[in-house]
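Some notes on the structure that comes next.
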Amino acid sequence: MDWRGTATKAVGAVLALALVALVVGQLLGQPVLLSYVTTGSMEPTIGTGDGFVAVPSAVAGPIEEGDVVVFEAEEIQGGGLTTHRVVGETDRGFVTRGDANPFTDQDGGEPPVKREQIVAVAWQVGDEPVVIPHLGTVAEGVQGGVETLQFRLAGLLGTRSLLGTQGFGYLIFGLTVLLYAIDVFLSSDRRRDRARERDSGLSARVVVGAMAASLMLAATAAMVAPAGPQSFEIVSSEFESERSDVIEAGTNESLQFTVGNGGQVPVYVYFEEGSENIDIEPDRFEVGGNELVNGTLTLTAPPETGSYRLFLTEHRYLALLPESQVRALYSVHPWLPIVVIDALIGVPFYLAGIALVGTERVRRRDREGPSTSDRILARLR
């Protein structure tokens, strides 16, 4: 294969990975290396439909004025991921504004942005983020097609498990297995026609690797999608109230807090309190498949009256390792257990797959051989 063919395939693979990263990021509600904007609020810096490199907030370092951040908004367009620039900071959080907007988000009713709400920071060279034109437009088209396929398959099979983030992982894994099975089915007689074959097919290592990657994607979705920050709005008041979110200044209110697991695999759930005004007991849970576990959430009203938002960040991990090992990894970094668990799933699957199918190329026939449709019809006769 010449260098041009290699370069073309490499560029195609990079673009495919970029689209997958964008679609998965939108489904998870957490940018995965890349993100994009859907409005003109950041023009001319980032145009509508343009993409950018998104550095996860956990590794991005301190947030500074001038940074372009992706955060979970509460009021902007009904809430959800928003990409705006940090233009200031107060004791209650960051002040943000779209570059095209004449006023800040906080002037428009959005509360100051807490550190826990920021999920990613745009990679910037100098003072400007690195922009990938029109990448988001393409990603939205792909995402729309994927969601349509999910709904149709879910309706056909009568199950909701194919919807949403986890269903996307199942879909990728299922399609990979199906395509590999079809190829094996159509190529079982390749020994008889070896003279008409050419060794330019897809490597079995790549096929098995794609299957392992899709399995790890499904596992990551099961851990990431239900987790993340949760906010609790309370009012510190001068008097007692029967409402649980209105608390007398300087006192606290204890509530029952339920942790659920809608999957079949048990999970470990860890919580981080965003401030001294919120506490959960216990702060670690082991939740079995399709199980609910209760804890106690205590909210403390600050001495000064007013409205406050308190944050509780959840981290969730599949219980494929002893809890003590997951806790040790978690103490180093909250993402480390996800990486190790994904490796624990993907690496044995890959090695077993290679042991079963070998490392030869999945061959394809030249133009003189029978067509794919002819071979399918011949098999069905």
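Values computed for the structure shown
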{"read-out": "Cleavage-rule hits (GluC sites (Glu not before Pro)) in the stretch 279-355: DSSP loop, at most 15 neighbouring Cβ within 10 angstrom", "value": "Glu304"}
{"read-out": "Mean separation of Cα contacts under 8 Å, 6 or more apart, over the residue count of the stretch 200-305: relative contact order %", "value": "27"}
{"read-out": "Net charge of Cβ neighbours under 14 Å - reference Val131; Lys, Arg +1; Asp, Glu -1", "value": "-4"}
{"read-out": "Contour excess over end-to-end distance, with Cα ends at Gln124 and Val206 and 0.36 nm allotted per residue", "value": "26.2 nm"}
{"read-out": "Order of Phe71, Phe239, Phe257 - criterion: other Cβ atoms within 10 Å of each residue's Cβ, fewest first", "value": "Phe239, Phe257, Phe71"}
{"read-out": "Environment charge of Thr313, counting only residues whose C-beta is closer than 9 Å and scoring Lys/Arg +1, Asp/Glu -1", "value": "-4"}
{"read-out": "Approximate spin-label separation Arg327-His134, in nm, with each point projected 7 Å along Cα-to-Cβ", "value": "5.4"}
{"read-out": "Förster radius 22 Å - calculated FRET efficiency between Leu351 and Glu314 (Cβ-Cβ, nearest 0.05)", "value": "0.10"}
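Every read-out reported here was derived from the displayed coordinates using simple, explicitly stated rules and does not represent laboratory data. Owing to the predicted nature of the structure, the values given are computational and were not obtained by experimental measurement. Ideal geometry is used to build each Cβ from the backbone, glycine not excepted, and the neighbour counts take in all protein chains shown.
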